[in-house]
Every structure is written in C-alpha cells, then in structure tokens.
1. Would you confirm whether or not region 78-100 contains a residue that is over 19 Å from the mean Cα position of the chain (by Cα), buried (at least 24 other Cβ atoms within 10 Å of the Cβ) and more than 16 Å from ligand 3 (Cβ to nearest atom)?
2. Name every residue in region 170-187 that is surrounded by fewer than 24 Cβ atoms within 10 Å (Cβ to Cβ) and out of contact with any Ser or Thr (no Cβ under 8 Å at 6 or more places or on another chain), in order of residue number.
3. E268 fails exactly one of the following numbered conditions: (1) within 22 Å of the chain's Cα centre (by Cα); (2) without any contact (Cβ under 8 Å) to a residue 12 or more places away in the chain. What is the number of that condition?
4. Which condition does E190 not pass, out of (1) over 11 Å from V329 (Cα atoms); (2) within 16 Å of ligand 3 (Cβ to nearest atom); (3) not polar (S, T, N, Q), if it passes all the others?
5. Yes or no: region 68-84 includes at least one residue that is within 18 Å of G173 (Cβ to Cβ), within 16 Å of ligand 1 (Cβ to nearest atom) and either part of a loop (DSSP other than H, G, I, E, B) or free of Cβ contacts under 8 Å to residues at least 40 places away in the same chain (or both).
6. Considering only region 142-157, I want to know if a residue exists there that is away from ligand 2 (no atom under 16 Å from the Cβ) and farther than 28 Å from S23 by Cα.
7. Report yes if E252 is of a type in the set (D, E), more than 9 Å from ligand 1 (Cβ to nearest atom) and under 25 Å from C47 (Cα atoms), otherwise no.
8. Of these, L58, L42, L54, L111, which one is in contact with a helix residue (DSSP H, G or I) (Cβ under 6 Å, 6 or more places away or on another chain) and within 14 Å of ligand 2 (Cβ to nearest atom)?
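The values are calculated or read from the model by the stated rules, or taken from the named source; none is laboratory data. Here the structure is a predicted model, which means the values were calculated and not measured. Here the Cβ is made from the backbone with ideal geometry for all residues, glycine too, and neighbour counts use every protein chain on show.
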Amino acid sequence: MSTAGKVIKCKAAVVWEVKKPFSIVEIEVAPPKAHEVRIKILASGVCRSDDHVLSGALQVKFPIILGHEAAGVVESVGEGVTCVKPGDKVIPLFAPQCGECSTCKHPRGNLCKMGDLAASGVMPDGTSKFTYKGQQIHTFAGTSTFAEYTVVHESAVVKIDATAPPEKVCLIGCGFSTGYGAAINSAKVEPGSTCAVFGLGGVGLSTVMGCKAAGASRIIGVDINKDKFPKAKEMGATECVNPMDFKKPINEVLYGLTDGEGVDYSFEVIGRTDTMTAALASCHMNYGTSVVVGVPPSASEITFSPALIFTGRTWKGSIFGGWKSKEAVPKLVSDFMGGKFALEPLITHTLPFDKINEGFELLRSGKSIRSVLVF
Ligand code: PAD
Ligand code: ZN
Ligand code: ZN
C-alpha cells in the first residue's frame, strides 16, 4: 500500500538535550508539501559535525534529529517537484543548490541561500516535518538523516546512479566531498606542492586524497592520535607528525620540516581555534594558503597577529569542499563507480542504525574513521 500523502510512523534517533545520547523512538514524518521530497534513508555516516551538536560546540535547538551524510530512495514527492521521482536513488544535500539565488548564480559560490536556514532547526517553509507524540522535533542542516524517513527541500536532494552502493556513497554527502574538495576546489593545490593536513579523521583523510589527486609531492599529516598515521600514509600522506612529540609549536615544527619555508597549503580539519591559527602560521609567509575545514565552535573567536596575513598569506574557509552540490554530487558518485577514487578505506565500521550511540563512541575514542549506519 502506498504511503504517499500519508504521515509515516518510523524509527528516528532523537537528541533531547545537549550531552545526552541518542534515543531511538517512533516519530511521525509528515508528507512532503510543495517542492519537498520524502526520502527513505538507506545509509547514513557518522560525522564529527553531528558530534559537535552533542558536545555543545555547535549550538542548535533541541529536541533534534541529526545526520547529514546519507543515501536513500525517494518515497514520495510534493507538488511541483520535477528533479526526482519516487524510486530514485538520491543523496540529501546539507549544502543545497537552488540554482536561482545570487550565490548559486555566481561561478564561485556554493552556499546557496536556501541553506541559510539550515541552522534554524526548520525547513525553508518555517516548519519541521517531525513530531513525537505531537511535540515538534527540529530538523538539522535541512537533512536530518538519522531517521528511517526524512523530508528535504527539492534544492537539497539529487538523483544518483541507481546501482551505487548506499553504504559507501553516503560519504559523498559530506565527509569525502568536503575534504577532497577543500584541496581541489578551495585551495586549488598544484602539482609538486607541499601540503599539511591537520586532523586525520574521515574528512582530513579525504583532504589527503585530494592533495594527492592534485599532484602534491609532499603531504604532511598532523594528528595527536598516532594510530591515525598508518591509514593516512596508505591514503597518500608522505609523512606524519604528532604535535605532542615536540616542545615547540607545531607551526615551527612544520617550518623546520620544510627548510624554513612553510608549506604551500595547510588545512585545518579538526574544528579548534588554536589549530586554525597554527595551520595558518604553518604555510608560506607570502604565498601560502590555509583552508579552515573544521567547524568552528559556536561563539568562538580568534585573536591573531595581522602580520600573519599582511605578508601575503591567504586564509579561507570551505564548506562542502566548495562544490556546487547538485552539479557535483552525481559526478562524484560516477567517478567513484568508475574507480577514480576509493571510499572503502575511509569506512572502518558498518553498524545497524540501532547502534548509533556505539558509532559515536567509536568516533570519540578515536577508534573509527567513518562508521556507516545502515537501515
Ligand atoms: P574526526 O573526529 O574523525 O577527525 C578529527 C581528527 O583530529 C582526529 O583524528 C583527532 O585525533 C584529530 N585532532 C583532535 N585534536 C587535535 C589537535 N589538537 N591537533 C591535531 N589533531 C587533532 O572528525 P571528521 O574528520 O569527521 O571532521 C573533522 C572536522 O571537519 C570537524 O570539525 C567537522 O565538524 C568538520 C566538518 N566540516 C565540514 C565542512 O563542510 N566544512 C563538513 C564535515 C565535517
Ligand atoms: Zn559532515
Ligand atoms: Zn541557491
């Protein structure tokens, strides 16, 4: 029997308040309104950005359904939706692309105006599609993929190859594309260059992959967890350093490793203000570029010497790897299917959705790269 047009009751992982684990409960998911799409989620990855909400670093409205790195199948569509139809395999887009706004129309823009409300806990129409016993549950990043069904705006979903494995390509919905694109699009790493990647989690390793694909000749991985080094080397890091092994600041260590030049490109893929500044100070004083990929804690500030940028360094940020999501995601999926890059090394654990708390424990303990929850 078709569920189109009806409320669906299904399981979702709800977070009721900060620093509390997920609880799996039965929620109600409203049918999609005009220009909305309801998706049956097949797989969803565990990303540090979700954990930033649990820890309180990223402030949101509770209760909330997190999750933003997923793949699924369209269950039904609201009036006027032409980009996808029921049965299509899709990836939800936490950084949407409406194609109409000033940012979408700008060749360099990738933060569509439809995404501005992502942090507000509601959809572009001002409502959330989820309730629990009549109580509204907030939406996260316009996607909320830690649920068996979710509703997204049509600008926040794209059709992908029907044969793509959801438990792998879900990573193209966030971690892989973010890290890889930071190197390829945001930094525009050149062949022969020297790069430093701070943070060797799922996103940082994808940055390492991007640097390698761009032809960097030296890729220095930086992490305080040395257990991350073997995988980083497998993915393309030419050497790895642990800041804890040195008395002097890591930027001085990196200058030492590069004959006093500094690296051409540095990436902060952790989400800490001290390492953002250290990454900036690690790149060449004149033509170095440093890219902030890690999500800064809400309400944090950085104080730094303007001399660091006065001499010519470039400091920039990158969300979703600078990709225009609707255009890029299907192509990245095709590239994966064509063997252009591998996602398997990033996936260390595959768990049933019910084990979501275990997935986050593995992330916090530093034992996983990416855990993928399957539904
Ligand atoms: P992760 O927790 O898997 O990786 C972070 C890594 O940083 C771990 O290996 C840690 O050991 C390491 N680390 C922690 N502290 C330090 C330190 N002081 N010095 C050196 N290394 C350290 O996270 P992830 O790879 O899922 O995400 C990384 C960041 O990227 C995180 O802040 C996340 O929120 C952000 C992100 N940003 C976007 C975006 O669009 N910009 C998208 C997805 C994730
Ligand atoms: Zn993410
Ligand atoms: Zn737009």
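1. no
2. I184, the sole residue that qualifies.
3. The single condition E268 does not satisfy is (2).
4. Only one criterion is unmet by E190, namely (2).
5. yes
6. Narrowing region 142-157 to residues away from ligand 2 (no atom under 16 Å from the Cβ): 147-149, 151, 153-155, 157.
Checking which are farther than 28 Å from S23 by Cα leaves us with 154-155.
The answer is yes, given that some residue of region 142-157 is away from ligand 2 (no atom under 16 Å from the Cβ) and farther than 28 Å from S23 by Cα.
7. Working: of a type in the set (D, E): yes; more than 9 Å from ligand 1 (Cβ to nearest atom): yes; under 25 Å from C47 (Cα atoms): no.
Answer is no for this residue.
8. On the way: L42 fails: within 14 Å of ligand 2 (Cβ to nearest atom); L54 fails: in contact with a helix residue (DSSP H, G or I) (Cβ under 6 Å, 6 or more places away or on another chain); L111 fails: within 14 Å of ligand 2 (Cβ to nearest atom).
Exactly one residue qualifies, and that residue is L58.
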